[in-house]
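See below for the structure under consideration.
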Amino acid sequence: MIELDANDAIARLLYGDVFFFGDRDYAAAAAEYQKALAIDATNSTAHLFSANALMRLNRADEARADIVAALSYNPVYENLYKILDTQPDAFGLRPPARHRFDPPIDGISNQHGFVAAQNDFVDIALTEHTAALSRLKYAARVKGKQ
């Protein structure tokens, strides 16, 4: 038997996948995904996995809340956008609008150390706070140059 680290969100996600894909026990999978979220509520993958399990349990309102949370914590979650683009009715949501993010002229760094260069149009996974702060700094620089 494999021991599970009770404080490892990724281990909880993988354990939930055993129930979801292996046993087709969606209630047990949802419980494991919720345990992962209890460890790391900002884990957008855990929110997506939880939403999938909740939809299988006919708990659509909770699933939609998880999708909204996943996009809140990771506004450029490419895998989730692929699902929403190819299966627009999957969660009963309208297709979300996607906006390009033009980084500030001198570049910024996200939480993973990626630096965006001048004039690059890149998707950067930022928390709402960090994104808002970046926009304010950029607006201040642009206003100062006028």
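Every read-out reported here was derived from the displayed coordinates using simple, explicitly stated rules and does not represent laboratory data. Keep in mind the model is a prediction, meaning the values are calculated, not measured. In this analysis, Cβ positions are derived from the backbone assuming ideal geometry, glycine residues included, and neighbour counts consider all displayed protein chains.
For first residues located in the stretch 67-93 and farther than 13 Å from residue 51 by Cβ, partners that are in a loop (DSSP other than H, G, I, E, B) and of a type in the set (Lys, Arg) and lie 6+ apart or on another chain with Cβ distances below 7 Å form the pairs 81/98. With respect to the numbered conditions (1) touching a Leu at 6+ places or on another chain (Cβ under 6 Å); (2) under 17 Å from residue 90 (Cα atoms), which one is the sole condition not fulfilled by residue 71? Condition (1) is where residue 71 drops out.
With the condition kept exactly as written, say whether any residue in the stretch 6-19 is closer than 17 Å to residue 91 by Cβ and not polar (S, T, N, Q). So far as the stretch 6-19 goes, no, none of its residues is closer than 17 Å to residue 91 by Cβ and not polar (S, T, N, Q).
Considering each residue of the stretch 16-27, count those that are farther than 13 Å from residue 54 by Cβ and surrounded by fewer than 19 Cβ atoms within 10 Å (Cβ to Cβ), and give that number. So the count comes out to 7.
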